[in-house]
Amino acid sequence: MKAIVTDLIAEQASFDTFCARLTDAQWEAPASNTEWTIKEELLHIAAFDAAARAMLSGGWNVVNEFADKYFGHDEIYRVTAFQHLTGAEVLDGWRVLRTQMDAAFLEKNPKDRVPWAPGLPMAARSLASARLMELWAHSVDVYDAFGLETPVTDRIQAVLFLGWQARPNAYRINGLEMPDTPLYVEVTLPSGATWAKGDPGAENWIKGSARDWALCVVRRRRPEDLPALEVHGAEAERYAQVVQAFAGEASQAASGLQGEPLELPG
């Protein structure tokens, strides 16, 4: 458990360092890939970190019950409570909430079951990986708004893992049958190490950089937007089009920054 929580803390610190430089106007500017502002991106992360802490602590059976009671959302899933806070105040609040959540994770064994979606409890380690994945996904929206590449380290393995584990659900939410076709994914991590899943002898395969594939996994890029990403075979192409690491309805893949980038924070 310590390893994934250490990665989660490092990812939080990295994004915090960037956010701490934002001006009041930048917090209220539109993020990319969404109809949310940059403040609303972080507000979403903070709210569900609070929800994760609550689920880890017990007393709740479904995360939506906590969400509905404490922060709510509108038709495009923006958090409706706490909109009156400034970006700097949201950042301060997130620091407290994430610290509480991280501490709660460290009290768990990796395989402890934690309630989340109805009838679908998660292993504590998987939930920590999901919090890292969601943080990284929303940070892409923010970095894209400034025309910057999102920082990527070997911590991205948590995102890649969830993309692979969620493959059956990705097919289901898109109204597709999960095929028996062997599939192989092999990508290169920033360190130069290889991350791979599936059958190395499969005729359907996906290869490239961990960054490119992770962007597809969190629906922030389409595979056709990433010319260095190699997708071979009809089933690999289908998987690359529907891959989705996060829960919920099928999400349309984005294409990054549209229009002029925001001015870089000071």
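Solvent-free Debye calculation, one equal scatterer per alpha-carbon of the stretch 57-140: log10 I(q)/I(0) at 0.14, 0.16, 0.18, 0.22 Å⁻¹ equals -0.59, -0.78, -0.99, -1.41.
Once the Cα-Cα distance is subtracted from the 0.36 nm per residue extended length, the Glu186 to Tyr77 segment shows a gain of 35.9 nm. Just to check, using Stokes-Einstein with a Kirkwood Rh over alpha carbon pairs, what's the diffusion coefficient of the stretch 125-266 at 37 °C and 0.692 mPa s in µm²/s? It diffuses with D of about 212 µm²/s by this estimate. Evaluated with a Cβ-only charge set (Lys, Arg +1; Asp, Glu -1), the stretch 159-242 carries a dipole of roughly 440 debye about its Cα centre, given to the nearest 20. Per the Cα gyration tensor, the stretch 159-242 maps to an equivalent ellipsoid with semi-axes of 19, 14, 12 Å, ordered largest to smallest. Using all pairs of distinct alpha-carbon atoms, the Kirkwood hydrodynamic radius of the stretch 2-150 works out to 15.6 angstrom.
If I stretch the segment between Ser57 and Ala250 completely, what's the gain in nm (0.36 nm per residue apart, minus their alpha carbon distance), one decimal?
Values: separation 193, 0.36 × 193 = 69.48 nm, distance 2.99 nm.
Extending this stretch completely gives an extra 66.5 nm.
About the centre of its Cα atoms, the stretch 2-150 shows a dipole size close to 720 debye [charges on the beta carbon of Lys, Arg (+1) and Asp, Glu (-1) only; nearest 20 debye].
Among 241-250, 210-219, 140-149, 19-28, how do they line up by average Cβ neighbours within 10 Å per residue, starting with the highest? Mind dumping the intermediate values first?
Values: 241-250: 17.4, 210-219: 25.1, 140-149: 20.2, 19-28: 15.5.
Sorting 241-250, 210-219, 140-149, 19-28 by mean packing, highest first, produces 210-219, 140-149, 241-250, 19-28.
Could you give the size of the charge dipole of the chain about its Cα centre, using +1 on the Cβ of each K and R and -1 on the Cβ of each D and E, expressed in debye and rounded to the nearest 20? List each step's numbers first, then the result.
Details: 24 positive and 37 negative charges, 177 e Å.
Around 860 debye, computed over the chain.
Suppose the chain between Ala234 and Glu203 were pulled fully straight at 0.36 nm per residue; how much longer would it get relative to their current alpha carbon spacing? Full extension from Ala234 to Glu203 adds 10.2 nm. Legend: calculated FRET efficiency, Asp225 to Thr23, from the Cβ-Cβ distance at R0 = 35 Å, rounded to 0.05, equals 0.70.
Under 13 Å from a label point set 7 Å out along the Cα-to-Cβ vector of Ala88, the amide N atoms of the stretch 23-51 belong to 23-27. Against the empirical 2.2 N^0.38 Å (N residues), the chain has a Cα radius of gyration ratio of 0.99.
Report for the chain the percent antiparallel among DSSP-assigned beta bridges with both residues inside it, nearest 5.
Numbers: 13 of 19 bridges.
Percent antiparallel among DSSP bridges in the chain is about 70.
Taking 7 Å steps out from each Cα toward its Cβ at Leu176 and Met1 produces label points 3.6 nm apart.
Per-residue ellipticity at 222 nm for the chain, helices alone: DSSP H runs ≥ 4 residues times -39500 (n - 2.57), over residue total, nearest 500 deg cm²/dmol?
Numbers: 10 runs with 125 residues, N = 266.
That comes out to -14500 deg cm²/dmol.
No lab work stands behind these numbers, since they all come straight from the coordinates. Keep in mind the model is a prediction, meaning the values are calculated, not measured. All Cβ positions, glycine included, derive from the backbone under ideal geometry; neighbour counts span all protein chains shown.
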